[in-house]
Number of protein chains: 2
Amino acid sequence: MALVVQKYGGTSVADAERIRAVADHVARTRRGGEDVVVVVSAMGKTTDGLIRLAEDVSAVQPGRELDMLLTAGERISMALVCMALAELGVAAASFTGSQAGIITDEVHTKAKILEVRGDRLREALARGVVPVVAGFQGVSAARDVTTLGRGGSDTTAVALAAALAADRCEIYTDVTGVFTADPRIVPRARRLPRVSFEEMLEISATGGRVLILRSVEFARNHHVPLEVRSSFTWEPGTWVLEEDPTMEQATVSAVTSDTSEVKLTITGVPDRPGIAASLFRALADASVNVDMIVQNTSHDGTTDISFTVPRTERSVAVGIAEGLSPKIDAAAVLVDDGVAQVSVVGAGMKTNPGVTATMFEALAAAQINIQMISTSPIRISCVVDAGSADDAVRILHQAFGLEGAAPRA
Amino acid sequence: MALVVQKYGGTSVADAERIRAVADHVARTRRGGEDVVVVVSAMGKTTDGLIRLAEDVSAVQPGRELDMLLTAGERISMALVCMALAELGVAAASFTGSQAGIITDEVHTKAKILEVRGDRLREALARGVVPVVAGFQGVSAARDVTTLGRGGSDTTAVALAAALAADRCEIYTDVTGVFTADPRIVPRARRLPRVSFEEMLEISATGGRVLILRSVEFARNHHVPLEVRSSFTWEPGTWVLEEDPTMEQATVSAVTSDTSEVKLTITGVPDRPGIAASLFRALADASVNVDMIVQNTSHDGTTDISFTVPRTERSVAVGIAEGLSPKIDAAAVLVDDGVAQVSVVGAGMKTNPGVTATMFEALAAAQINIQMISTSPIRISCVVDAGSADDAVRILHQAFGLEGAAPRA
């Protein structure tokens with residue numbers, strides 16, 4: 001019998017009605033002749049509410065205790081899903097991350113999965129019981145409860161699908177799939193019927209919010225086919241799959257944008273070996289996630305180094321850059337908070353050398369200045385002024401012919 | 001170093017402010033040179049809220065899933081207490097029932113504790129860390145999460161105190177101790193500085209709501225001194241201790257009342273051996289908790305059997321009685337929903353034969369009719385009309401001289 005892992009996000013289990021709808025869909029899948037493992041997030045805004053409560057109680061929130069607190073959320077949603085299934089006559093049993101055998105490292109609030117045992121889930125399936133597993137959580141070798149960080153429930157679902165050799169992993173959310181652009185910015189954006197893991201990685205990495213990067217990496221590494229679908233419309237969504245070399249590939253699949261980063265520039269850096277290394281080592285040691293890095297060729301023996309970091313890591317990064325600047329005889333540290341990254345992603349780009357030119361021409365025609373450029377074999381990203389980001393997305397979406405049919409009147 | 005287990009009930013951790021007050025008290029206890037193990041209930045009305053949510057979702061609530069759901073409550077409160085302690089500089093770590101090694105049977109929603117391992121709590125204490133343990137919950141041999149039923153957090157606290165050989169167990173609640181009568185009924189009721197385990201058992205069994213019967217039994221069996229105290233005033237409360245034979249004992253310590261039961265009477269029961277046995281075996285098989293039983297001597301070869309059962313078990317009990325009635329040639333089954341049990345409890349009663357007479361005279365003088373009587377060595381209970389219950393408590397409280405000083409003006 002085929003096995004499918006179905007993951008339901010917070011909006012999909014936000015209230016009693018939605019939980020009953022989820023149970024109904026699980027029951028239908030079972031009646032269709034497939035075994036199901038369900039993974040759930042906490043209901044709606046439960047996690048945010050618990051974080052606010054913690055802030056009310058104490059300015060000090062040890063990671064171990066924050067994890068203990070937040071894991072209460074999935075405990076509630078998974079028990080309720082099991083009850084709704086019971087009412088439909090479907091035998092189900094809930095399992096915490098620990099009970100499901102999700103073994104992680106001990107890095108509280110952003111633990112990494114080390115091993116998925118899953119014995120109790122296999123036993124439940126063998127008995128005809130639907131396992132309903134808490135997403136986002138695991139247990140460390142020290143038997144402490146851990147959480148997997150943002151989007152952790154997707155990671156749980158993919159990890160379980162891999163460990164249980166599931167035929168596919170369905171990620172249910174409040175959108176109907178992966179789009180050629182954010183439909184709020186581009187009303188005529190189309191849902192993609194399929195994207196490759198590589199494209200999805202680039203889309204997730206450059207501002208696509210549907211799937212978290214880590215879960216896509218995990219799915220790719222373990223060859224787990226994903227389908228992103230809506231638990232509100234239940235219509236077919238977007239498949240995320242191995243690249244199929246026999247199929248013709250769209251040159252550009254999607255246009256994304258990301259305004260979550262700030263740009264730092266260190267000017268007048270002496271152009272000597274090891275200078276850049278000392279900067280990025282210091283940032284890495286402080287766990288700052290540097291994204292794009294650009295260094296111009298030097299003139300007068302000095303160069304400018306620009307890089308982007310998440311807005312949340314702005315102050316740490318600025319502190320390090322300003323601390324290092326006098327030591328390396330740099331001129332100044334400039335910070336630009338008003339930047340956005342706009343990217344085009346497409347597997348077919350590898351064999352279509354004109355994409356870069358088309359992108360730059362389209363932006364230039366709209367008087368949008370490009371501040372930084374970075375590329376991968378299937379992606380081109382430009383840093384532009386934040387105020388131009390939405391325009392840039394619309395212009396590129398049109399330039400690469402991604403529009404769907406006009407909306408019905 | 002002395003070790004104290006402090007249990008904080010739902011009202012004691014109802015909001016951020018109360019949680020900080022609890023942390024402050026724990027920190028003070030530690031500074032006073034004692035080791036502390038904290039046991040917490042779910043915050044305020046959390047459990048009621050979760051039960052309502054379950055009812056919204058499904059009419060079917062398997063016990064295993066109800067337990068998974070409800071145990072989210074303590075998870076939240078214990079993590080928050082640890083955070084509040086961290087802010088005060090006190091190292092603390094939360095432990096679920098499972099992590100604390102509270103091993104129970106598999107009777108979901110009212111599991112019994114089979115064993116308390118407590119290894120992780122001992123390790124934490126050895127490292128100078130305050131363990132904060134989830135009350136009310138445990139884990140079965142099948143590794144499923146269980147709950148201990150109503151008042152289960154008290155049971156957790158007492159069981160831990162016994163397993164860890166604690167010097168005492170403090171039960172913090174929203175009242176300042178055990179009173180000679182419910183102060184809402186008798187404004188001049190006094191707080192008792194100490195009661196024996198035996199008295200406390202009778203008080204809990206006859207309507208005293210401060211401690212649940214099971215936790216008192218456990219404390220008595222394991223010789224754990226209890227102190228019932230207020231987490232709002234922090235003043236000294238009531239000690240529940242082994243009876244001290246060298247001390248003079250009050251004839252009557254407390255007057256209690258209980259309106260949670262109904263009275264069933266089977267009339268015209270043939271006075272043959274085995275008839276009563278067949279009735280009470282059938283009730284026991286249906287898990288009906290029969291409390292008081294009275295059978296009058298027969299006249300004309302028949303007798304009447306009256307008994308009381310919890311109101312929640314009324315329909316099951318009536319069904320059994322009415323089903324059995326024709327088979328034993330009984331005349332009729334009568335149900336009285338308007339009854340109350342009024343009791344006087346006191347260890348000194350054993351050596352004071354006049355108590356029964358005083359009780360009956362006091363009630364008779366107030367024209368309160370006694371419907372049923374039951375006694376133990378240290379308790380006399382009368383079933384009276386529910387409308388007279390509060391009057392009966394006041395009259396008996398006065399008759400046995402239990403009033404405190406007049407309230408200050």
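Summary of values
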{"item": "For A:A165, inter-copy label distances in nm, listed shortest first [label point 7 Å out on the Cα-Cβ vector]", "result": "5.2"}
{"item": "FRET efficiency estimate (nearest 0.05) - Cβ-Cβ, A:D15 to B:I373, R0 41 angstrom", "result": "0.20"}
{"item": "Charge dipole (debye, nearest 20) of the range A:1-155; +1 at Cβ of Lys and Arg, -1 at Cβ of Asp and Glu", "result": "340 debye"}
{"item": "Helix-only CD estimate at 222 nm, as mean residue ellipticity for chain B, using -39500 (n - 2.57) per DSSP H run (n ≥ 4)", "result": "-10000 deg cm²/dmol"}
{"item": "Cβ-based exposure ranking for A:C169, A:C82, in which fewest neighbours within 10 Å come first", "result": "A:C169, A:C82"}
{"item": "Spin-label pair B:D385/B:D337, simplified geometry with 7 Å Cα→Cβ offset, distance in nm", "result": "1.8 nm"}
{"item": "Relative contact order computed over chain A (Cα-Cα under 8 Å; 6+ residues apart), in percent", "result": "13 percent"}
{"item": "Net charge dipole size for chain A [Lys, Arg +1 and Asp, Glu -1 on Cβ; Debye, nearest 20]", "result": "940 debye"}
{"item": "Rotational relation A to B, axis-closest Cβ in chain A, residue and distance rounded to whole Å", "result": "A:A72, 2"}
{"item": "Other protein chain Cβ atoms within 10 Å, averaged over every residue that makes up A:66-73", "result": "6"}
{"item": "Selection from B:G177, B:A163, B:L148 lying farthest towards where the dipole of the range B:144-193 points positive, charges on Cβ", "result": "B:G177"}
{"item": "Where labels lie 7 Å past Cα in the beta-carbon direction, separation of A:L88 and B:T302 in nm", "result": "5.6 nm"}
{"item": "Other copies of B:N289: label-to-label distances in nm, shortest first, labels 7 Å along the beta-carbon direction", "result": "5.3"}
{"item": "Per-peptide average of other Cβ atoms within 10 Å, ordering B:224-237, A:252-265 highest first", "result": "A:252-265, B:224-237"}
{"item": "Karplus-derived 3J(HN,Hα), 6.51/-1.76/1.60, for each residue of the range A:209-220, Hz, glycine and proline x", "result": "9, 5, 10, 7, 3, 4, 5, 5, 4, 4, 5, 5"}
{"item": "Per-residue mean of C-beta atoms belonging to partner chains within 10 Å, peptide A:87-96", "result": "3"}
{"item": "Charge dipole (the range B:243-284, unit charges on Cβ, about Cα centre) - positive-most of B:F280, B:V252, B:G268", "result": "B:G268"}
{"item": "Stokes-Einstein D (µm²/s) once Rh is taken as the Kirkwood radius of chain B over alpha-carbon pairs, at 4 °C in 1.567 mPa s", "result": "56 µm²/s"}
{"item": "Copies compared at B:D244 - label distances in nm, ascending, label defined 7 Å from Cα in the Cβ direction", "result": "8.5"}
{"item": "Antiparallel bridge percentage (DSSP; both residues within chain A; nearest 5)", "result": "60 percent"}
{"item": "Cβ charges +1 (Lys, Arg) and -1 (Asp, Glu), total dipole of the protein assembly as shown, debye", "result": "220 debye"}
{"item": "Cα centroid separation - the range A:36-81 against the range B:274-306, whole Å", "result": "51 Å"}
{"item": "Residue (of B:V132, B:A347, B:V210) at the positive-pole extreme of chain B, dipole from beta-carbon charges", "result": "B:V132"}
{"item": "All-pairs Cα distance distribution in the range A:1-106, expressed in whole percent, bin size 10 Å", "result": "14, 41, 30, 12, 3, 0"}
{"item": "All-pairs alpha carbon distance profile, the range B:261-336, 5 Å steps from 0, percent", "result": "3, 17, 32, 28, 14, 5, 1"}
{"item": "Crossing angle, helix B:389-399 versus chain B [Cα axis fit, 0-90 degrees, rounded to tens]", "result": "80 degrees"}
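Values in this text are rule-based calculations from the coordinates and carry no lab data. Bear in mind that the values here come from a model prediction, so they are computed numbers and not experimental data. A quick note on method: Cβ atoms are made from the backbone with ideal geometry, for glycine too, and the neighbour counts reach across all protein chains shown.
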